[in-house]
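The values are calculated or read from the model by the stated rules, or taken from the named source; none is laboratory data. What you see is a predicted model, and the numbers here were worked out from it, not measured in a lab. For neighbour counting, all protein chains shown are included, and Cβ atoms are generated from backbone atoms with ideal geometry for every residue, glycine included. Heads up: the accessible areas ignore ligands, DNA and RNA and are worked out on the full protein's heavy atoms, side chains in. Shrake-Rupley method; radii C 1.70, N 1.55, O 1.52, S 1.80 Å.
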Amino acid sequence: MKYFKTILVSAGGTAGHAIPAIELSNELATRNYKIIFITDIRMFGLVKKNIKDNNCIRVLCFKGRGLYKKNIFKNIKSILLLIYSIFQSFITVIINRPILCYGFGGGITVPPILICKLFNIPIILHEGNIVVGRANMFLSRYAKVLTTFFPKVEGIFSKNLQIKFIGMPIRKSIENIYKSNYQIQDNKPINILITGGSLGAEVMATKIAKALSRFSKEFTNKISIIQQVRKENMEYVKGLYENSSINYKLEVYIEDFSKSLNWCHLIICRSGAGTIAENLISGRPSIMVPLASSSDNHQMKNALYIKGIGAGWIINKNDLNDNKILQNKLKSYIFDKSKLYKASKLAKENALINSTTVLADLGKNFIKGNN
């Protein structure tokens, strides 16, 4: 097969950064470009697992990471790793000569994108959250365009930066759910999918599962659950559901996530950008439990946007600390079918599809402009 020139793609830190970068890379590979994908140790396994064409997509793991608040010793190591990653990036760019660079966020994206700027390679950034992340905020001064998942984002930008609202590149298998009808059958359980990020979340086991398991039998007979659970929480959650006679399935990692998402009528989840994008496109109402420690409180701001458009609801810290309030809130969302149907409709109305194609086409236009 004859390949066109090379494109550099970089993402790290979280699955919310890595997955859209993976989808774009797979799309660019179908267009016969060679891809250099730079990521960090946290996302290397995820990226390698989801790359479809190993012949034209080369995945590199660089030793870099972001900075920490109020931790001098960790930041000294981060700076040393940054210097090493700059050297790695310089060698990589010299050898592969990319004609375009995409960055999706995460500290590891800074060195390769700075080197691309040094060689006047066009840079396109993608930001998934309402609050632009620190890496993208820093790199935006060097980019041609910042593409976004949300219609409006928070940040201070150069006047020369183009900002384009394009949505979120997501897995084709999930994008296909957009075409299906949202349907809750009479006299059948409400199917609930519970996740908590790429490795599950403690709060979903110790708070959410506990509240659901304490529903009266009148309500436990009306729900069916698939839940992502950490290994250390598995026996605890299993015991809760066994004692309450809830129909359930527990998984440490949900292999076929699109199948589980298509199965459910409602998802209880965090509010990272990738999760929200998948919920909107699949038309799944969400009960969101924002991660309080997320940088710049971006998960709460993401969740407030979804609540504002009517596609989901928020469980906050105070709700989690009062089991009675938590149970009442969960019941009011789970068992009101009119609310679920309305939220599903509004989710799809606010979703953008084909974002992967749009982002790839945008790069194509920049390549043409440089020739």
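Go through segment 17-51 and give me each residue that's outside any helix (DSSP H, G or I) and either of a type in the set (Lys, Arg) or at negative phi (or both).
Scanning segment 17-51 gives Arg31, Tyr33, Lys34, Ile35, Ile36, Phe37, Ile38, Thr39, Asp40, Ile51.
Only one of these conditions is not met by Ile194: (1) under 23 Å from Ile246 (Cβ atoms); (2) of a type outside the set (Ser, Thr, Tyr); (3) without any contact (Cβ under 8 Å) to a residue 24 or more places away in the chain. Which number is it?
Going through (1) under 23 Å from Ile246 (Cβ atoms); (2) of a type outside the set (Ser, Thr, Tyr); (3) without any contact (Cβ under 8 Å) to a residue 24 or more places away in the chain one by one, Ile194 breaks only (3).
What residue, of Ala292, Ala277, is within 16 Å of Gly196 (Cα to Cα), open to solvent by less than 10 Å² (accessible area, probe 1.4 Å), of a type in the set (A, V, I, L, M) and outside any strand (DSSP E or B)?
Answer to the selection: Ala277.
Working only within segment 310-319, note down all residues that are modelled with pLDDT of 95 or more and closer than 13 Å to Ser271 by Cβ.
Ala311, Gly312, Trp313, Ile314, Ile315
For residues in segment 117-164 being free of Cβ contacts under 8 Å to residues at least 40 places away in the same chain and aromatic (Phe, Trp, Tyr), which is surrounded by the most Cβ atoms within 10 Å (Cβ to Cβ)?
Ranking the qualifying residues of segment 117-164, first place goes to Tyr142.
Looking at Asn262, is it surrounded by fewer than 22 Cβ atoms within 10 Å (Cβ to Cβ), modelled with pLDDT under 95 and more than 30 Å from Ile123 (Cα to Cα)?
no
Pairs, please: C-beta under 6 Å, at least 6 apart or cross-chain, first residue at pLDDT 80 or above and in segment 67-87, second of a type outside the set (A, V, I, L, M, F, W, C) and not in a loop (DSSP other than H, G, I, E, B)?
Close Cβ pairs (under 6 Å, with a partner that is of a type outside the set (A, V, I, L, M, F, W, C) and not in a loop (DSSP other than H, G, I, E, B)) amount to Ser85/Pro111; Ile86/Pro111.
When Lys34 is evaluated against the numbered criteria (1) within 18 Å of the chain's Cα centre (by Cα); (2) open to solvent by 10 Å² or more (accessible area, probe 1.4 Å), which criterion, by number, is the only one it fails?
Evaluating Lys34 over (1) within 18 Å of the chain's Cα centre (by Cα); (2) open to solvent by 10 Å² or more (accessible area, probe 1.4 Å) leaves (1) as the failure.
Quick one: which helices (runs of 4 or more DSSP H) lie wholly within segment 166-272 and hold at least 2 residues that are among the polar types (S, T, N, Q)?
Per the criteria, 234-244, 257-263.
Would you please list the contacts, defined by Cβ atoms under 6 Å and residues six or more apart or on different chains, that run from a residue in segment 338-364 that is on the phi < 0 side of the Ramachandran plot and part of a helix (DSSP H, G or I) to a residue that is open to solvent by less than 70 Å² (accessible area, probe 1.4 Å) and among the acidic types (Asp, Glu)?
Pairs found: Thr356/Glu23; Thr356/Glu27; Ala360/Glu27.
Inside segment 184-198, can you point out the residues that are touching a helix residue (DSSP H, G or I) at 6+ places or on another chain (Cβ under 9 Å) and open to solvent by 20 Å² or more (accessible area, probe 1.4 Å)?
Listed by number, the residues that qualify are Asn191, Gly197, Ser198.
Which ones in segment 14-31 are crowded, with 24+ Cβ neighbours inside 10 Å, without any contact (Cβ under 8 Å) to a residue 60 or more places away in the chain and of a type in the set (A, V, I, L, M)?
Matches in segment 14-31: Ile22 only.
Filter segment 96-109 for residues that are open to solvent by 20 Å² or more (accessible area, probe 1.4 Å) and modelled with pLDDT under 95 and give the result.
The answer is Gly107, and nothing else.
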